[in-house]
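Participant: Starting off with a structure, shown below.
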Amino acid sequence: MKTRTLLLIVCWFAFFGAMRAGQPVRPESENYIKGVEALNEGDPVAAYKYLNAEITENPGNGYAHCYMALICNCCGDVKLALQALQSSLELIPETDTEYLSFAYYSRGVLLSGLNQWELAKPDLDEAIRLNPSDAENYKARAQLFLETARYEESLEDVQKALALDRKADVSDLVLRLMAEAPSTEFMERVSATFHMLDRAEVR
């Protein structure tokens, strides 16, 4: 459930972020726009109807496949979600690094949810390479490193996420790192990060 909620939130962020000037031209077909609007309104049934119609009419719309992956995941069909993400990665223009990053991030999160760490990490690495200013990418990779006992790398990514967004929601990660700290010195560094988080929340 946590993974699904996270994907939904990030999906909304990606859509609104896409409206900024200077971004690549994205689809403006009626079914696509209505499908994304339905997602933003919390209506996955209507979103599925419109996006399915869009994909039927315009199978080359990688953006529609990306949003369809979100719907499939919310419905519990991870296999179809992964297939939709693969299609989106093949179809989204290479120049649209923001959306490609989001697609890699989404697949990395799904694979992490399946404990397929070796497959998830390259996707999260690529998401960061394509969009190094997105704190969510570092948070997802920090979670992967934490789950695979790579504590130093996890802490580094938590700190990078906070450097990008002082209000990044990394408190759970920090608390787990504190609980699983392999040494006193590491605990002190995690504690310093925790205090940084406290100050950010106060602001």
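Participant: Report whether or not Asn131 is in contact with a Ser or Thr (Cβ under 6 Å, 6 or more places away or on another chain), without any contact (Cβ under 8 Å) to a residue 60 or more places away in the chain and either within 25 Å of Ala179 (Cα to Cα) or not charged (D, E, K, R) (or both). First the steps, then the outcome.
Facilitator: Values: in contact with a Ser or Thr (Cβ under 6 Å, 6 or more places away or on another chain): yes; without any contact (Cβ under 8 Å) to a residue 60 or more places away in the chain: yes; either within 25 Å of Ala179 (Cα to Cα) or not charged (D, E, K, R) (or both): yes.
In short, yes.
Participant: Scan the helices (runs of 4 or more DSSP H) fully inside the stretch 19-112 and keep the ones with 1 or more residues being in contact with a Phe, Trp or Tyr (Cβ under 6 Å, 6 or more places away or on another chain) and either free of Cβ contacts under 8 Å to residues at least 40 places away in the same chain or aromatic (Phe, Trp, Tyr) (or both).
Facilitator: On the way: elements: 30-40, 44-57, 62-74, 78-91.
Correct list: 30-40, 44-57, 62-74.
Participant: Next question. Which condition number does Asp169 fail, the rest of (1) of a type in the set (D, E, K, R); (2) over 17 Å from Gly113 (Cβ atoms); (3) buried (at least 16 other Cβ atoms within 10 Å of the Cβ) being met?
Facilitator: Among (1) of a type in the set (D, E, K, R); (2) over 17 Å from Gly113 (Cβ atoms); (3) buried (at least 16 other Cβ atoms within 10 Å of the Cβ), Asp169 violates only (3).
Participant: Output the helices (runs of 4 or more DSSP H) that fall wholly within the stretch 129-203 and possess 2 or more residues being within 16 Å of the chain's Cα centre (by Cα), or say none. Working first, answer last.
Facilitator: Values: elements: 135-147, 151-164, 171-179, 184-202.
Filter on the stretch 129-203 gives 135-147, 151-164.
Participant: Would you please name the residue that is farthest from Asp96 (Cα to Cα), looking only at residues in the stretch 19-72 that are under 22 Å from the mean Cα position of the chain (by Cα) and of a type in the set (Phe, Trp, Tyr)?
Facilitator: Tyr48
Participant: Which residue out of Pro24, Pro44 is in contact with a Pro (Cβ under 9 Å, 6 or more places away or on another chain), modelled with pLDDT under 95 and not basic (Lys, Arg)? I'd like the intermediate steps shown before the answer.
Facilitator: Details: Pro44 fails: in contact with a Pro (Cβ under 9 Å, 6 or more places away or on another chain).
Among Pro24, Pro44, only Pro24 is in contact with a Pro (Cβ under 9 Å, 6 or more places away or on another chain), modelled with pLDDT under 95 and not basic (Lys, Arg).
The values are calculated or read from the model by the stated rules, or taken from the named source; none is laboratory data. Note that the coordinates shown come from a computational prediction; the quantities given were computed from them, not determined experimentally. Cβ atoms come from the backbone with ideal geometry, glycine included; neighbour counts cover every protein chain shown.
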